[in-house]
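Everything on this sheet refers to the single structure shown next.
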Amino acid sequence: MIARTLACLLLSASLFDTAQARDYRYSDAHLHYVDFFQETEGMPALLKAMDEAGVEQSMISGIPVAKKWHEDEPKRPRYYAGDDADAYWYSATDLYVAAALEKLPAEQRRRFHPFLTGFNPVDKNAVSHIERMLELYPGLWQGIGEVFTRHDDLTALTSGDTPRANNEAMTRIYHLAAERDLPVLLHSNITSKRERNPLYLAEIEEPLRNHPHTRFIWAHAGSSMEIHRHQERMDFLLPVLNRLLEDYPNLYVDLSWSVLEPYLLDEQGVPRQDWVELVVRFPERFMLGSDVVGRFGSIGEQMHAFDPFLDALPEAVAERVSRKNFIELLPKRTK
Ligand SMILES: [Zn+2]
């Protein structure tokens, strides 16, 4: 008995050592410089949070919509879901990101990888707007997104038609993205809040199939916190991901928060073996993101929350997921 306890202690100590030995450095593949009101804590707060969290490099984008404080609302909403007022497409968001980066000294600026997001994805002219922005800031933009398509309640609150990842406006954008070597971070929920099947899968699968030269990052692997609130863990998510990753080498997956729990980790915070196996099977295709919006104090907490899952991966794979994969996905000219 004593021997067994001792063996257990030694085993857990050695596991502890292994975990301790890994001092992760991260690339944040999903970060919003502003919130849904286009407000931000600012660059000094962001840099401080990144330094404290061990985030070396970060994707940075605005938020493509602005939540309206409606004339009839006595109190200013605190989040896009705060009341029934709509959110509208807001292009100035990219200018805030560009201006913040331009003020930085070169060595700090190099840590950021700005993505263009301020366009309406149901407007077939959106591609022309993107081209103008690329011309206006030569060499600045390194990707497109986060594009909001199916996004549970936000979809219903956004002015105009519902954006789909497989519509004509986005098709034009995917062509441009391939031509300019820009990855596209796409938010496209795999289903609605109540349907327990991959209702909207075709909307992401069609562009994956039709645009083999465009690199797609699927935000949250198509999951969302709002879907989890209404239904159990989607048992079809893992098999769907397995198939898509096999069929489409242009697909990359952002594992940020609504994937971490309940998919990567179980209720006790223990890594799920089937997800560990999925990531090991496709070691170059997964990345981490904080998905913070305008406030940065939680970046460390968000990124370190992945550590138990990273610890369950072989060290080289963990290093890829935590840091390398996102950087390798960026346009060749930036490397
Ligand atoms: Zn986001």
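The values are calculated or read from the model by the stated rules, or taken from the named source; none is laboratory data. Because the structure is predicted, anything quoted here is derived from the model rather than measured. Note that we place each Cβ from the backbone using ideal geometry, even for glycine, and neighbour counts take in every protein chain shown.
Looking at region 20-42, can you tell me whether even one residue there is surrounded by fewer than 19 Cβ atoms within 10 Å (Cβ to Cβ), modelled with pLDDT of 95 or more and hydrophobic (A, V, I, L, M, F, W, C)? Looking for residues that are surrounded by fewer than 19 Cβ atoms within 10 Å (Cβ to Cβ), modelled with pLDDT of 95 or more and hydrophobic (A, V, I, L, M, F, W, C), one finds none in region 20-42, hence no. Of the residues making up region 280-335, those that are part of a loop (DSSP other than H, G, I, E, B), of a type in the set (Gly, Ala, Ser) and under 30 Å from Arg78 (Cα atoms) number 6. Taken across region 255-265, residues that are within 18 Å of Met303 (Cα to Cα) and without any contact (Cβ under 8 Å) to a residue 24 or more places away in the chain do occur, with at least one present.
Criterion first (in a helix (DSSP H, G or I) and buried (at least 17 other Cβ atoms within 10 Å of the Cβ)) does Leu208 satisfy it? Answer is yes for this residue. If you go through region 109-130 and pick out every residue that is loosely packed, with under 14 Cβ neighbours inside 10 Å and assigned to a helix (DSSP H, G or I), you end up with 1.
Contact annotation: residue pairs with Cβ atoms under 8 Å, 6 or more positions apart or on different chains, pairing a residue in region 207-221 that is among the aliphatic types (A, V, I, L, M) with a partner that is in a strand (DSSP E or B) and more than 13 Å from the ligand (Cβ to nearest atom), are Leu208/Phe216; Leu208/Leu251; Ile217/Val184; Ile217/Tyr252; Ile217/Val253; Ile217/Met287; Ala221/Val253. Quick check on region 286-335: of everything there that is hydroxyl-bearing (Ser, Thr, Tyr) and crowded, with 20+ Cβ neighbours inside 10 Å, which residue is farthest from Ala221 (Cα to Cα)? By that ranking, first place goes to Ser322. Ala98 meets the conditions (1) part of a helix (DSSP H, G or I); (2) closer than 28 Å to Ala221 by Cβ; (3) of a type outside the set (Lys, Arg) in every case but one. The failed one is (2).
Kindly indicate whether any position in region 223-232 is within 17 Å of the chain's Cα centre (by Cα), farther than 18 Å from Ile144 by Cα and loosely packed, with under 14 Cβ neighbours inside 10 Å. Yes, region 223-232 has at least one match.
Residue-wise test of (1) among the acidic types (Asp, Glu); (2) within 17 Å of Phe112 (Cα to Cα); (3) in a loop (DSSP other than H, G, I, E, B); (4) in contact with a Leu (Cβ under 7 Å, 6 or more places away or on another chain).
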| site | (1), (2), (3), (4) |
| --- | --- |
| Thr40 | no, yes, yes, no |
| Ala49 | no, yes, no, no |
| Gln57 | no, yes, no, no |
| Ala66 | no, no, no, no |
| Pro74 | no, no, yes, no |
| Ala81 | no, no, yes, no |
| Ala85 | no, no, yes, no |
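Restricting the first member to region 23-50 and to residues that are among the basic types (Lys, Arg), and the second to residues that are more than 15 Å from the ligand (Cβ to nearest atom), the beta-carbon pairs closer than 8 Å and six or more apart or on different chains are Arg25/Gly54; Arg25/Val55; Arg25/Glu56; Arg25/Ser322; Arg25/Arg323. Per the conditions (1) touching a helix residue (DSSP H, G or I) at 6+ places or on another chain (Cβ under 8 Å); (2) within 16 Å of the ligand (Cβ to nearest atom); (3) not aromatic (Phe, Trp, Tyr), the sole criterion not satisfied by Val317 is (2).
Could you look through region 68-108, keep only residues that are closer than 28 Å to Pro163 by Cα, in contact with a helix residue (DSSP H, G or I) (Cβ under 8 Å, 6 or more places away or on another chain) and among the charged types (D, E, K, R), and pick out the one that is surrounded by the fewest Cβ atoms within 10 Å (Cβ to Cβ)? Residue satisfying both the conditions and the ranking: Asp84.
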